[in-house]
Amino acid sequence: MGNMTSSIHTSLISLETIKTRAPSLRGFLALLVVLIAAIPLLFVFFSSGQLSLQQWVGLWSNRLPELLWNTLSLSVLVAIGSMVLGVSAAWWITRRDFPGRRIAVWLMVLPLTIPTYVFAHIYTIMLDEDGWLGQLWLALFPATAIPEIFNIFGVTLILVLAGFSYVFLLVRDALSRSQQDIEEAARIHGATPWQVFWRVNLPMLRPAIAAGIALVVLHVLSDFGAVSMLRFQTFTLSIYLQMSSRFDYQAAAGLSLVLVLLSLTFMVLERFFRNRQRYYGSGQSKKITAQKATPLETVIIWFWLGLIATFAFLLPLAWMLSWSWQAWQQNLIDSEFWGYVGNSLTVSALAASLTVIAALPVALYHARERSKMSQGFLYLSSMGFVLPGPVIALGILSFVIATMPAIYGGMTVLALAMMVRFLPLSIQAQESVVQQLTPSIEQAARSLGANWYENLRRVIFPILKGGMATAWILVFIDTLKELPATLLLRPTGFDTLPVRIWIEASEEMLELAAPASLMLVVGTLPVLWFLMREKSDK
Amino acid sequence: MKSRITLFVLFSLFINLYAQAESLVVYSGRKDKFIKPVVAEFTKETGIKVLLHSGSSTSLLNKLNLEGSNSTADLFISNDAGNLEKGKEMKLFLPVSDDLVKGIPQTLRASDNSWIGLSARARVLVKNTDDKSAEFVKSVFDLADPRLKGKLAITHSGNESYIAGVTVYMESAGKEKTREWLAGMKNNVNGKVFNKHSKIVSAVAKGKRSVGLVNHYYIYRHLQKYPDAPIKIELPDQGKNDIGVAWNVAGIAITKHTKNKKAAERFIGFLTSEKGQSLFAKVNREYPAREGVAAAAEVPKAGSYKVAPVAMPVLGQQRNATLDLIEAVGMP
């Protein structure tokens with residue numbers, strides 16, 4: 001704890017030397033949050049610092065080239081796939097009015113309720129020779145081999161299906177807020193709709209697309225579920241194997257350090273491209289309205305959205321339902337099962353609330369300051385996302401045991417780890433709204449005599465409300481699905497749905513893994529409903 | 001919203017208190033389905049409550065190691081002797097007295113009794129009875145024969161049982177021979193390995209592969225579901241100069257920082273008793289570690305065949321060397 005306080009002091013001093021005025025409350029709170037978020041990173045530094053030069057050379061020459069190549073190519077493929085699915089779906093849904101539009105929105109968001117390890121598990125089974133897709137394939141293309149899923153394309157498929165909704169949500173949000181006058185101006189000057197899309201909409205959407213892809217890629221870098229089920233050697237899997245089969249924390253930390261550097265590079269690049277242009281619309285311009293779709297367009301739209309929905313949600317759902325039915329018939333769904341549901345909901349709600357509150361000062365601080373320091377805060381608070389779940393859990397566990405063993409073993413520690421893990425998700429979601437909070441709005445409020453509290457309550461909060469709700473939901477959903485850190489940090493005997501799915505899936509108890517997966521979907525529904533209602537209220 | 005948050009906070013505090021209620025805590029790396037009936041019987045007999053904390057053996061061992069004296073765990077159960085020996089090396093366990101575990105053969109427990117084997121499983125061959133192309137396979141080393149190209153089913157090399165098996169072969173036949181063997185198998189599977197043992201059995205049953213290397217009970221599990229499946233078990237390496245079948249054990253240890261040593265010892269006493277042994281091993285058709293307790297009837301009798309003479313602790317001591325070998329060959 002002594003180290004911790006002294007580092008707070010040092011940071012405060014440097015904060016004061018950079019800014020001439022005293023640190024704001026917002027800055028101080030942001031710093032506090034960032035320090036907590038940096039705990040796993042400290043653990044990584046500490047452990048990898050114990051590696052000898054020889055061990056580093058060994059890691060470098062044996063493992064790194066392959067891991068780098070695998071991880072990078074996977075990220076690129078998943079980013080492209082998610083962008084294609086996410087942007088196309090968001091575009092059709094916001095710009096065309098077609099029958100079943102509201103259902104379509106739901107279908108594009110629902111895949112978020114299915115964790116990558118469930119996706120991987122289900123697709124592995126469905127692509128077996130006696131699985132649904134395997135049989136379909138053999139019926140359509142007899143005498144050919146069923147496509148193999150245990151390779152980079154299989155992993156890409158799973159991660160795109162599980163992640164494109166993030167791009168969809170953020171792009172849709174931006175599209176429904178985008179203002180019509182610029183597009184109209186372009187059209188008046190003779191641009192075709194296609195040209196408008198490429199030269200007006202796409203550049204304007206860049207922040208949202210960048211944020212969406214950042215989310216997706218960060219999920220890829222830290223994904224444990226799909227890569228471990230499909231045994232595709234990325235950094236995360238390799239780090240996990242170093243820890244779990246060799247108990248080699250130092251090598252694991254060394255690899256984590258490389259992963260952190262990789263992710264940081266990526267984030268700097270992403271920020272760089274996102275910051276090059278910012279757009280502030282004027283207050284009076286009218287919001288875009290969707291055009292009525294022609295019958296042909298309706299068919300095309302539904303074919304495309306239907307295709308996405310089938311693979312990303314409907315097929316997995318049907319699989320879960322069919323096996324859950326078997327479980328129901330065998331009376332396997334008992335009070336214990338409902339206990340897991342309760343545990344999952346509790347920890348997710350707790351973690352989501354904690355994370356949203358913690359993310360606010362960091363997002364606001366950055367939106368206001370836009371300094372190197374606030375940028376640094378953002379990077380540090382993203383550590384939870386770029387470090388693999390098992391490493392975060394290890395870091396938090398070691399820290400809590402060393403500094404405050406009294407709270408160890410309870411829900412607090414688990415919620416704290418979830419906060420560290422999903423803080424960047426929450427900051428990202430809130431920040432894209434915070435960017436809407438143009439300096440002029442706040443200045444206007446100030447000039448009308450509002451003090452900081454009134455400003456917060458009557459100006460900032462109402463604008464941020466949507467972003468906070470989105471953030472809460474994203475964190476809730478991710479915590480609900482979180483596996484590796486929960487496995488290590490949950491209180492004794494405290495099983496959540498992912499833990500059960502993981503246990504049952506490794507025992508190949510499909511009848512038991514399916515209802516738990518189904519419950520994840522069902523448990524997320526009210527929250528998604530809330531999210532959708534928020535959006536349509538606007 | 002605010003009141004909801006308060007509610008959640010209160011609820012979580014409640015959960016905290018609930019989790020701290022006193023009972024025997026077992027970190028269990030064994031499948032829930034197999035350990036639960038045993039635990040229920042123990043509670044019924046002794047009145048001592050048992051809280052199961054399930055997970056993978058290795059991650060639970062990690063947890064135990066990191067938690068140190070803050071751990072709530074009283075006992076640790078693993079499906080793999082390698083993990084248990086690793087825990088002993090990391091000084092996480094409390095040795096028990098010889099008296100308590102004298103029914104268990106010495107080769108199936110740690111030299112200082114810091115962990116005790118409870119049930120054993122055999123690495124065997126599963127063959128398709130209609131397919132004669134793997135008939136010549138009598139030893140696991142025959143699996144490297146190029147005649148089996150595209151016909152061999154093995155798990156990926158991250159599997160605990162697979163690793164333990166390779167350790168046994170390495171110890172019995174030497175590093176060089178094992179390296180060649182792995183390279184031959186790598187060639188035969190051509191990148192297509194299985195992620196579950198049960199899938200190996202079902203691939204062999206469907207004739208997609210001729211022969212597979214599995215733990216014995218997977219074969220019986222498949223036969224229970226599909227009694228007419230054209231598969232059979234074959235015990236490898238039974239010739240005069242052969243190494244014998246590789247065994248591995250599931251076992252238990254008392255944690256160093258337990259505050260319920262008496263109750264934990266009772267639990268071990270129960271598990272090593274005839275009744276406990278029969279319960280623990282039979283649910284999964286494994287061999288009870290205690291001599292004189294019979295395994296399930298369909299399983300080849302222990303003692304009726306040759307077992308590789310590798311003491312179980314070696315599975316932990318040589319694990320890193322085995323992983324190095326597997327990685328050097330580049331097994332998928």
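What follows is calculated from the coordinates using simple rules that are stated; it is not laboratory data. Just so we're clear, the structure is a prediction, and the values are computed from it rather than from any experiment. Here the Cβ positions follow ideal geometry from the backbone for every residue, glycine too, while neighbour counts run over all protein chains shown.
Pairs B:LYS240/B:LYS282; B:LYS175/B:LYS225; B:LYS91/B:LYS262; B:LYS138/B:LYS175: which exceed 27 Å Cα-Cα? Display every interim value, and only then the final one.
Values: B:LYS240/B:LYS282 31 Å; B:LYS175/B:LYS225 39 Å; B:LYS91/B:LYS262 20 Å; B:LYS138/B:LYS175 21 Å.
Table pairs above 27 Å Cα-Cα are B:LYS240/B:LYS282; B:LYS175/B:LYS225.
List the residue ranges in chain A for DSSP H helices whose C-alpha atoms run 27 angstrom or more along the long axis and whose Kyte-Doolittle average is 0.5 or above. Walk me through the numbers before you get to the answer.
Details: long enough: A:64-95 (45 Å, 1.20); A:152-177 (36 Å, 1.68); A:202-222 (29 Å, 1.79); A:249-275 (37 Å, 1.16); A:335-369 (51 Å, 0.77); A:411-434 (31 Å, 1.31); A:461-481 (29 Å, 1.15); A:510-537 (40 Å, 0.91).
Taking the DSSP H segments of chain A (at least 27 Å long, mean hydropathy at least 0.5), we get A:64-95, A:152-177, A:202-222, A:249-275, A:335-369, A:411-434, A:461-481, A:510-537.
For the stretch B:115-222, what mean projected area does the convex hull of the alpha carbons give, in nm²?
On the way: hull surface 28.5 nm².
The number I arrive at for the stretch B:115-222 is 7.1 nm².
Going by Cα centres, the stretch B:158-226 and the stretch A:427-488 are how many Å apart?
53
When the scattering of the stretch A:437-504 is computed by the Debye formula from its Cα atoms alone, each counted once and equally, what is log10 I(q)/I(0) at q = 0.11, 0.19, 0.23 Å⁻¹?
-0.50, -0.75, -0.93
For the charge dipole of the protein assembly as shown, defined by +1 on Lys and Arg C-beta atoms and -1 on Asp and Glu C-beta atoms about the Cα centroid, which residue among A:LEU169, A:ILE333, B:PHE194 has the Cα displaced farthest towards the positive pole?
A:LEU169
If you average 1/r over all unlike Cα pairs in the protein assembly as shown and invert the result, what Kirkwood radius do you get in angstrom? The partial results should precede the final answer.
Numbers: mean 1/r = 0.0345 Å⁻¹.
Across the protein assembly as shown, the inverse of the average 1/r is 29.0 Å.
Quickly estimate the mean residue ellipticity at 222 nm for the protein assembly as shown, helices only: each DSSP H run with n ≥ 4 gives -39500 (n - 2.57), and the total goes over all residues, rounded to 500. The partial results should precede the final answer.
On the way: 39 runs with 546 residues, N = 870.
So the calculated ellipticity at 222 nm is -20000 deg cm²/dmol.
Can you give me the long-range amide H partners of B:LEU51? Hydrogens built in the peptide plane at 1.01 Å from N, cutoff under 5 Å, separation of 5 or more residues or another chain.
Under 5 Å from the amide H of B:LEU51 lie the amide H atoms of B:LEU24, B:VAL25, B:VAL26, each far enough along the sequence or on another chain.
Between the stretch B:107-132 and the stretch A:348-375, how far is it from one alpha carbon centroid to the other, in angstrom?
Taking the Cα centre of the stretch A:348-375 as reference, the centre of the stretch B:107-132 is 53 Å away.
May I have the count of lysine pairs in chain A with C-alpha atoms under 28 Å apart, counting pairs 8 or more residues apart or located on different chains?
Taking chain A as the scope, the lysine pair count is 14.
What lysines does B:LYS208 reach when the alpha-carbon gap must be under 16 Å and sequence neighbours fewer than 8 apart in one chain are set aside?
Cα-Cα hits under 16 Å: B:LYS127, B:LYS132, B:LYS149, B:LYS151, B:LYS192, B:LYS196, B:LYS199, B:LYS232.
As a footprinting exposure proxy, order A:VAL356, A:VAL391 by other Cβ within 10 Å, with the fewest listed first. The partial results should precede the final answer.
Details: A:VAL356 27, A:VAL391 30.
Placing the least packed residue first, the sequence is A:VAL356, A:VAL391.
Cα centroids of the stretch A:160-198 and the stretch B:70-93: how far apart, whole angstrom?
The stretch A:160-198 and the stretch B:70-93 have Cα centres spaced 57 Å from each other.
Excluding residues on the same chain fewer than 8 positions from B:LYS275, give the aspartates and glutamates whose Cα lies under 13 Å from its Cα.
List returned: B:GLU41, B:GLU45, B:GLU291.
Can you give the Rg and Dmax of chain B based on its C-alpha atoms, in angstrom?
21.3, 76
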